[in-house]
Amino acid sequence: MGLKIYLDGKFVPEEDAKVSVFDHGFLYGDGVFEGIRAYHNSVFKMKEHVDRLYDSAQVINMKIPLTKEEMTEVILETCRQNELQDCYIRAVVSRGKGDLGLDPRKCSVPTIVCIASSISLYPDELYEKGMEVITVPTRRNGPEGVNPRIKSLNYLNNIMAKIEANMAGVPEAILLNQEGYVAECTGDNIFIVKNGIVKTPAIHIGLLDGVTRNEVIKLAKQMGIEVQETTFTRYDLFVADEVFLTGTAAELIPVTTIDSRVIGDGKPGPVFNRLLSGFRELVKEPGAVIFTETGKKKKKCKK
Ligand code: PXG
């Protein structure tokens, strides 16, 4: 059975979910998005994702024609329409339909899409054995260009890095910034552990302010582990005791080799294991509820 997609105020079957070829999201990558996850009938960190979506839109000077409350409801209703209680949700807002010129003033209304689908996860084996990654020649966009804090529809920088990872036969790539400091991966943030201290690149060096990243920082602090948001290089990656990645899809995933160097003792480390267990407890806490008892009753009444 196909998905029901939210498109500009309506739910339509996926085969009818079509956007104009004059949409500036298509022509120029002019727009913003979020990747969100629902666990056991509840959307994880809804507010954080909706806030980031509106911040991204604000920075590109695009007014989303829904309030945050309405957007929250669109996301929940998309899960309901597809009867999904554990899923990956993609909310997309593009500049909308314009003409062939790049002037956004020609686009009168942003296009809003929300998709909820089953999630494709990394295989369990990677969580147990760890992942091989490489650093790639493509550098992360600098904050003075398209700031990586904007979760924009222009992911070419990350896609270039992903191609380089694909060519090397590994699932993820680490991007450095223009100065050679470690920034992040194509769709994940990065952490290292050295002498019991958890370190992750500071936001200002140019990376996405990841929702999972922030939860992991909070968790580590709650566990009494020192956390530093700082700068570090490939050297620090190679000599780290542990390296792991964080993201909505991946949650926390251990890295065991980088550019063929074995990290630590080549298996997921103790700090990683504690943080992953902590995170998996966190996702069980109730968040924005998809199906409430009253919601279910309402659905029945309509039939
Ligand atoms: N950095 C980048 C560049 C991202 O796109 C993250 C970090 C992690 O952030 P969150 O907020 O999810 O903890 C992301 C988000 C995919 C996919 O299909 C993943 C992301 C975005 C788009 C697609 O793997 N990750």
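For segment 1-104, the set of GluC sites (Glu not before Pro) satisfying both a DSSP loop assignment and a count of at most 16 other C-beta atoms within 10 Å is given as Glu83.
Farthest towards the positive end of the charge dipole of the chain, among the residues Ala250, Asn141, Cys79, is the Cα of Cys79, using unit charges on the Cβ of Lys, Arg, Asp and Glu. Of the residues Pro110, Pro268, Pro65, the one that moves most in a GNM of the chain with alpha-carbon contacts below 10 Å is Pro65.
Rank Lys129, Lys68 by accessible area, highest first, at a 1.4 Å probe radius?
Descending order: Lys129, Lys68.
Relative contact order of the chain: 19 percent, from C-alpha pairs under 8 Å at least 6 residues apart in sequence.
Its Cα centre serving as origin, segment 4-119 has a Cβ charge dipole (Lys and Arg +1, Asp and Glu -1) of approximately 180 debye.
What is the dipole size for the chain, taken about its Cα centre, with +1 at each Lys and Arg Cβ and -1 at each Asp and Glu Cβ, in debye to the nearest 20?
Here the chain has a charge dipole of around 1000 debye.
Cross-link pairs exceeding 19 Å in C-alpha to C-alpha distance, out of Lys47/Lys162; Lys47/Lys218; Lys194/Lys267; Lys18/Lys162; Lys63/Lys97, comprise Lys47/Lys162; Lys18/Lys162.
Hey, can you find the accessible area per residue of segment 4-119 for me, probe 1.4 Å, expressed in square angstrom?
50
Taking Cα centre as origin and charging only the Cβ of basic (Lys, Arg, +1) and acidic (Asp, Glu, -1) residues, the dipole magnitude of segment 124-282 rounds to 240 debye. Defining a contact as two alpha carbons under 8 Å apart and six or more residues distant in sequence, what relative contact order in percent does segment 4-119 show? After rounding, I find 36 percent. Mind running the shape call on segment 1-64? Use the C-alpha gyration tensor, a ≥ b ≥ c as the square roots of the eigenvalues: rounded below 1.5 for a/c, prolate if a/b tops b/c, oblate otherwise. It is oblate, given that a/c is not under 1.5 and a/b is not larger than b/c. Among the chymotrypsin sites (Phe, Trp or Tyr not before Pro) in segment 138-192, those located in a DSSP loop and surrounded by at most 16 other Cβ atoms within 10 Å of their own Cβ are Tyr155. Seen from a random direction on average, the alpha-carbon convex hull of the chain projects onto 16.7 square nanometres.
The values are calculated or read from the model by the stated rules, or taken from the named source; none is laboratory data. These figures come from a predicted structure and were not determined experimentally. No Cβ is skipped: glycine too gets one built from the backbone with ideal geometry, and neighbour counts run over all protein chains shown. Ligands, DNA and RNA are excluded from the accessible area calculation, which covers all protein heavy atoms including side chains. Shrake-Rupley method; radii C 1.70, N 1.55, O 1.52, S 1.80 Å.
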